[in-house]
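Enquirer: Just dropping this structure here.
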Amino acid sequence: MPSFRTLDDLDDVMGKRALVRVDLNVPMSDGHVTDDTRMRATLPTVTELADRGAIVLLLSHFGRPKAPSPEFSLSRVTRAYEEVLGREVRYVDWEVAEENVAMLRPGDVAILENTRFFGGEEKNDPAVVDRFAKLADFYVNDAFSAAHRAHASTEGLAHRLPAYAGRAMEAELKALQKALGEPERPVAAVVGGAKVSSKLEVLRHLVTRVDHLIIGGGMANTFLAARGVSVGKSLCEHDLTGTANEILDAADRANCTVHLPYDVVVAKEFAANPPSVRTCNVHEVAADEMILDVGPAAVEALGDALKTCRTLVWNGPLGAFETPPFDRATVALAQTAAALTQSGSLVSVAGGGDTVAALNHAGAAADFTFVSTAGGAFLEWMEGKELPGVKALLRD
Ligand code: ADP
Ligand code: MG
């Protein structure tokens, strides 16, 4: 495994100032944080550094501001973060950053204002890197979810200050390495969700890496159409059937077995428990029906395939899981994967916004080996891309 500098490489940090890149871009509604998962992910690093006597300065983006404005101020999440951390947290505005930071004591924790209040943050502008760097002695990146971006706070700083991976970043990199870097074989990948077009590169990369590629969700419809199956009114990218066939051919050449559903759950309208819902063979979908889930026979076969595998990586639900009964295939396969993981026969890694929601819905997330909450970064990693924020932490 490529080697990263971590907090274990830091000697005495007493009284030293640490710029720690975290992801405090949390969802909010009516001024309240509605999901504090990202905040909790920062706790191991922040607590460890503060306990070791460092002065902890948190850097994060928050939303997509075009110019500095109160709506995008990280002061809005400071109280919520304080509650999650269980210690006092200060908020530091950019105008007074140097003076305020100079007054902090060992063990203090502060949230600096939104990094995107600087136009140069997203351009990785050296002047912005300087502005951040002069506040601290070293840099820690604990935001895997932002590591696919070469911004001043995610990449530039790693070249300007001594740089280390935080504990959450370290755990994420280790899990991803286990799943696709040097995995135990056979390896299965589940790719589902809504759009083929947004996951084409993922599929292209995976067919050369995995032994079983399980295609579900709306993605499967495009592949079924490419094989000449009538998919009725299903969500399907008909203009991509040529590309789908290319991927199927590439899989053949790479000895990757592609699993497409042979039975499906269909309905005439997309609603909860519609009267028209039925299960049928993929060749029996009527022109006025749409495929909304993988069928029970196919799910059982997929479960059997997983039993022969040692490693699983999963992105995208198998069906429209938010609407019953179209959650059944996702729930069943997630529970099988969870049980295999708990019995020690499978390493399971999953990621993607809706995938995490689906695994939680199935009550399976806690039993997976690792669930990544990073959306874009996780997909770019599944495409086999090198993430700039990760690369910058490599030990040379
Ligand atoms: P992730 O966020 O985990 O990467 P995606 O955003 O690609 O996942 O896809 C999730 C969406 O795909 C869900 O909202 C789900 O309802 C939808 N979906 C899955 N299967 C189907 C289907 N057969 N028809 C329509 N939508 C589907
Ligand atoms: Mg999504």
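Readers should treat all values here as calculations from the given coordinates under stated rules, not as data from a laboratory. From a predicted model like this one, the values you see are computed outputs, not experimental measurements. In this analysis, Cβ positions are derived from the backbone assuming ideal geometry, glycine residues included, and neighbour counts consider all displayed protein chains.
Enquirer: Is the shape of region 242-378 best called rounded, prolate or oblate, per the rule: a/c under 1.5 gives rounded, else a/b larger than b/c gives prolate, else oblate, with a ≥ b ≥ c the square roots of the Cα gyration tensor eigenvalues?
Expert: Oblate shape, in that a/c is at least 1.5 and b/c is the bigger or equal ratio.
Enquirer: List the lysines whose Cα lies under 21 Å from the Cα of residue 174, skipping any in the same chain that are fewer than 8 positions away.
Expert: Partners within reach: 385, 391.
Enquirer: Where both partners of a DSSP beta bridge lie in the chain, what percent of those bridges are antiparallel, to the nearest 5?
Expert: 20
Enquirer: Quick one: work out the % antiparallel among DSSP beta bridges in region 7-167, nearest 5.
Expert: Of all bridge pairs located within region 7-167, approximately 10 percent are antiparallel.
Enquirer: Now for a separate question. Tell me which of 4, 156, 314 sits at the most positive position along the dipole axis of the chain, charges placed on C-beta atoms (Lys, Arg +1; Asp, Glu -1).
Expert: The listed residue farthest towards the positive side: 4.
Enquirer: Among the lysines, which have Cα under 20 Å from the Cα of residue 66 when same-chain residues fewer than 8 positions away are ignored?
Expert: Straight-distance partners of residue 66: 123.
Enquirer: Would you calculate, for the chain, the mean residue ellipticity at 222 nm contributed by helices, counting each DSSP H stretch of 4 or more residues as -39,500 (n - 2.57) and dividing by all residues, to the nearest 500?
Expert: The per-residue figure over the chain is -9000 deg cm²/dmol.
Enquirer: Okay, moving on. Relative to the Cα centre, what is the charge dipole magnitude of region 70-211, using +1 at the beta carbon of each Lys and Arg, -1 at the beta carbon of each Asp and Glu, and rounding to the nearest 20 debye?
Expert: With Lys and Arg at +1 and Asp and Glu at -1, about 620 debye.
Enquirer: Beta carbons within 10 angstrom, averaged per residue: use that to sort the peptides 35-48, 376-389, highest first.
Expert: The most tightly packed comes first, giving 376-389, 35-48.
Enquirer: Under 5 Å between amide H atoms, partner at least 5 residues away or on a different chain: which partners does residue 91 have, H built in plane at 1.01 Å?
Expert: Those qualifying (amide H under 5 Å, at least 5 residues apart or on another chain) are 111.
Enquirer: Which helices, taking whole DSSP H runs in the chain, have alpha carbons extending 20 angstrom or more along the helix axis plus mean Kyte-Doolittle at least 0.0?
Expert: Result, helices passing both filters: 328-342.
Enquirer: Could you grab the relative contact order for the chain? Cα pairs under 8 Å, six or more apart, rounded to a whole percent.
Expert: Relative CO of the chain lands at 16 percent.
Enquirer: Let me make sure I get this right: for region 7-167, a, b and c are the square roots of the gyration tensor eigenvalues over alpha carbons, sorted descending. Under 1.5 in a/c it's rounded, otherwise prolate if a/b > b/c, else oblate. Which is it?
Expert: rounded
Enquirer: Let me ask something else about it. From the phi angles alone, apply the Karplus equation (6.51, -1.76, 1.60; θ = phi - 60°) to region 185-193 and give each ³J(HN,Hα) in whole Hz, x where the residue is Gly or Pro.
Expert: Each residue of region 185-193 in turn: 9, x, 10, 10, 10, 9, 10, x, x Hz.
Enquirer: Grab the Cα-Cα distance for residue 37 and residue 395, subtract it from 0.36 nm times how many residues apart they are, and report the gain in nm with one decimal.
Expert: Stretched fully, the residue 37-residue 395 segment lengthens by 126.0 nm.
Enquirer: Ordered by packing density, taken as the mean number of other Cβ atoms within 10 Å over each peptide's residues, highest first, how do 103-109, 59-65 rank?
Expert: 59-65, 103-109
Enquirer: Once amide H atoms are built 1.01 Å from N in the peptide plane, which residues 5 or more positions from residue 15, or in another chain, come under 5 Å H to H?
Expert: HN-HN under 5 Å from residue 15: 54, 55, 107.
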